[in-house]
Amino acid sequence: MFAAALIVFRESLEAALIIGVMAAATRGIPRRERWMGAGLIAGLLGAVAVASSMGAISNWADGAGQELFNAGVLMLAVCMLAWHNIWMSSHGREMAMNVKNMAKAIQDGNKAHSAIFLVVALAVLREGAETVLFLYGVATSSENGLRDTLAGGAAGIAAGALVGGLLYAGMLRIPLRWFFGAAGVLVLLLAASMASQVARLLVQADVLPSLATPLWDTSALLSDSSALGTLLHGLIGYDPQPSGMQMVFYGITLATIATGMWLVGRQGSTSPRTQSVGSL
């Protein structure tokens with residue numbers, strides 16, 4: 001039961017952190033709750049489907065199918081997070097002005113719905129598929145496996161959701177004038193974290209060289225299996241034993257998205273509309 005609770009807690013925590021950050025970062029976008037709910041349901045259904053066919057997926061590409069599948073899911077999520085942050089760089093100021101009056105929410109908010117849906121769905125899909133596989137294995141391994149697994153799994157999901165909820169509630173306490181900037185930083189780090197995981201999976205599948213394994217080892221100071229290590233892994237991509245390729249992906253993702261945000265934000269600040277508003 002404890003093993004099931006611990007593993008499910010770690011998997012659900014990663015998904016809950018992503019959902020919590022996205023929920024906070026999309027504050028002010030009309031009907032975002034519906035799209036997040038739709039993404040959650042789609043992710044759960046997809047996780048069950050993927051888990052049921054994981055054997056065939058794992059055998060694909062000479063046994064590297066699972067790593068390649070997870071890498072593809074993560075890369076798509078990175079792209080959607082990058083798009084969201086760059087989009088927010090040009091519209092965050094307007095959303096901050098209108099967040100207290102949803103009726104005046106900017107029309108371009110509808111364009112963010114696809115990002116909200118896909119990021120939530122992909123997070124639940126990846127973590128959910130691994131959770132379903134693990135719970136199935138535990139449930140069939142002993143006489144009382146099903147009962148203990150269900151109890152442990154429920155406890156793990158509840159704990160993961162609680163931490164994600166606390167993160168979301170904490171972000172909402174940030175003053176509004178700083179809110180979208182803080183949310184943008186978290187989404188940026190989240191995207192870089194996922195890119196680092198993509199690199200790790202591609203190295204494991206022998207698609208990319210490791211460059212150096214590991215670059216350093218901080219597992220004695222902070223294990224990624226600890227509560228703090230798990231939280232930092234989900235938020236900023238903490239890895240006590242990263243490879244060189246992981247750091248290359250992390251750095252390139254950070255630089256690319258940050259540059260895109262700066263360029264788009266600069267264009268928005270110098271647009272005729274912004275100048276006319278500033279002159280009033």
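Each row is one residue, and each column tells you yes or no for (1) in contact with a Phe, Trp or Tyr (Cβ under 8 Å, 6 or more places away or on another chain); (2) within 10 Å of Gly20 (Cβ to Cβ); (3) at pLDDT below 70.
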site	(1), (2), (3)
Gly137	no, no, yes
Glu143	no, no, yes
Ala151	no, no, no
Ala159	yes, no, no
Leu162	no, no, no
Leu166	no, yes, no
Arg173	no, no, no
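Please give the number of the condition Val203 fails out of (1) open to solvent by 40 Å² or more (accessible area, probe 1.4 Å); (2) more than 24 Å from Gly39 (Cβ to Cβ); (3) assigned to a helix (DSSP H, G or I); (4) at pLDDT 85 or above.
For Val203, the failing item is (1).
Do we find that Ser271 is modelled with pLDDT under 90, surrounded by fewer than 16 Cβ atoms within 10 Å (Cβ to Cβ) and in contact with a helix residue (DSSP H, G or I) (Cβ under 7 Å, 6 or more places away or on another chain) in this structure?
no
Before we move on, is Trp178 open to solvent by 50 Å² or more (accessible area, probe 1.4 Å) and under 18 Å from Asn85 (Cβ atoms)?
So Trp178 fits the description; yes.
Just to be sure I understand, how many residues within region 233-242 are farther than 17 Å from Ala220 by Cα and either modelled with pLDDT of 90 or more or among the β-branched types (Val, Ile, Thr) (or both)?
1
Out of (1) closer than 23 Å to Ala24 by Cβ; (2) surrounded by fewer than 20 Cβ atoms within 10 Å (Cβ to Cβ); (3) out of contact with any helix residue (DSSP H, G or I) (no Cβ under 6 Å at 6 or more places or on another chain), what's the single condition that is false for Gln241?
For Gln241, the failing item is (1).
The values are calculated or read from the model by the stated rules, or taken from the named source; none is laboratory data. Computed from a prediction, not measured in an experiment: that's the story for all the values here. Glycine gets a Cβ as well: all are built from the backbone with ideal geometry, and neighbour counts include every protein chain shown. The area values use the complete protein model at the heavy-atom level, side chains included, leaving out ligands, DNA and RNA. Shrake-Rupley method; radii C 1.70, N 1.55, O 1.52, S 1.80 Å.
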